[in-house]
Amino acid sequence: MKLKIRFAYQVMTCILFFSSAKISAQVGFFTDKPVKPLQIDAAKDNGSTPDALKLSNDVVVDSNGNLGVGVLNPVTKVDLRSPDNKGLIGLGTGTQTPAEAGGGAIRYNVNGFLEYSDGEQWIALPLTAPTKALVNASKSTAQSIGSGTAVYISDWTETVDLGTTPNGDFNSSTGIFTAPRDGFYLVSFNITLANGTIPKNTFIETAIESDRNTENIQTFKTVNSYPAFQAGAVSNFISGNCNAIFNLKAGNTIKFSVKHNIGSARNTLNDGKLNNLSISEL
């Protein structure tokens with residue numbers, strides 16, 4: 001008799017469990033208000049209005065089968081990008097063959113590097129960092145610089161461009177550099193205009209500009225001025241230079257300009273030793 005009663009209780013428990021599983025839209029462990037099909041509050045600290053820090057110890061599975069560890073809205077099959085910046089993966093060593101582990105498996109090698117399987121062999125992941133951007137360019141052709149208007153310098157000749165794209169990060173035709181990745185970039189720019197009359201109270205302005213206006217000084221300028229002379233008219237070359245450090249995001253650009261108020265157009269000097277630029281990723 002006792003056996004029959006115990007069996008009946010077990011059947012009722014199973015019925016209630018599976019019935020509740022079908023009725024409930026979300027299942028929560030240690031949280032009263034799950035917002036995903038499955039949500040576990042490991043620290044039991046969510047309360048009624050959990051913030052990002054409290055949710056950083058939650059584990060969720062969404063309706064697409066994506067697993068989020070510390071991430072409420074995972075966008076990949078496994079998403080560990082938690083706001084507490086602790087989304088690390090600890091890889092261990094393994095004795096499986098590449099075929100047993102399958103293509104795409106990753107393991108830690110006790111010699112201090114990671115390996116991945118292509119299904120046939122374990123291949124060491126490269127240890128060298130990506131090549132940093134480096135550009136050196138000069139200009140030996142004349143370009144007219146009108147008076148009173150900033151003109152962007154184009155038609156450069158590259159001597160070095162260690163960019164990440166097949167054609168490099170610097171477009172020598174337009175004179176525009178595109179940052180390959182987030183980081184700081186050291187930039188230097190020199191320009192010289194051809195010999196000619198220098199009127200009194202004139203200047204030459206050299207500028208280096210980026211298109212990022214947040215967390216960054218967007219434009220650097222230097223001005224070389226020519227005040228009133230004691231003598232009469234003076235003829236000579238006029239030149240300028242500018243140096244800058246930019247904080248850029250991948251895809252931001254840098255370009256170079258010259259402005260003067262000589263009163264008439266003046267060409268850049270056709271000497272690459274006096275017209276040059278360099279860009280170094282720090």
If the cut-off is a Cα-Cα distance under 18 Å, which lysines reach K44, setting aside same-chain residues fewer than 8 apart in sequence?
-> K33, K36, K54
Here the relative contact order (percent) of the chain, from C-alpha pairs under 8 Å and at least 6 apart, is 16
For segment 76-206, rounded, prolate or oblate, judged on the Cα gyration tensor with a ≥ b ≥ c (square roots of eigenvalues), a/c < 1.5 rounded, else prolate if a/b > b/c?
-> prolate
Might you tell me the accessible area per residue for the chain, computed with a 1.4 Å probe and given in Å²?
-> 60
How much FRET efficiency would the formula 1/(1 + (r/R0)^6) give for Y116 and T253, where r is the Cβ-Cβ distance and R0 is 35 Å, rounded to 0.05?
-> 0.50
Under a point-charge model restricted to the Cβ atoms of Lys and Arg (+1) and Asp and Glu (-1), what is the dipole moment magnitude of segment 92-242 relative to its Cα centre, in debye to the nearest 20?
-> 700
Near K259, which aspartates and glutamates are there with a Cα under 17 Å away, not counting those fewer than 8 places off in the same chain?
-> E205, E209
May I ask you to work out the translational diffusion coefficient for segment 122-196 at 25 °C, viscosity 0.890 mPa s, via Stokes-Einstein with Rh from the Kirkwood sum over Cα pairs, reported in whole µm²/s?
-> 165
The chain: radius of gyration over Cα atoms, expressed as a fraction of 2.2 N^0.38 Å | 1.73
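The values are calculated or read from the model by the stated rules, or taken from the named source; none is laboratory data. Predicted, not measured: the structure shown is a model, and the values here were computed from it. A quick note on method: Cβ atoms are made from the backbone with ideal geometry, for glycine too, and the neighbour counts reach across all protein chains shown. Protein only, heavy atoms only, side chains kept; ligands, DNA and RNA dropped before computing areas. Shrake-Rupley method; radii C 1.70, N 1.55, O 1.52, S 1.80 Å.
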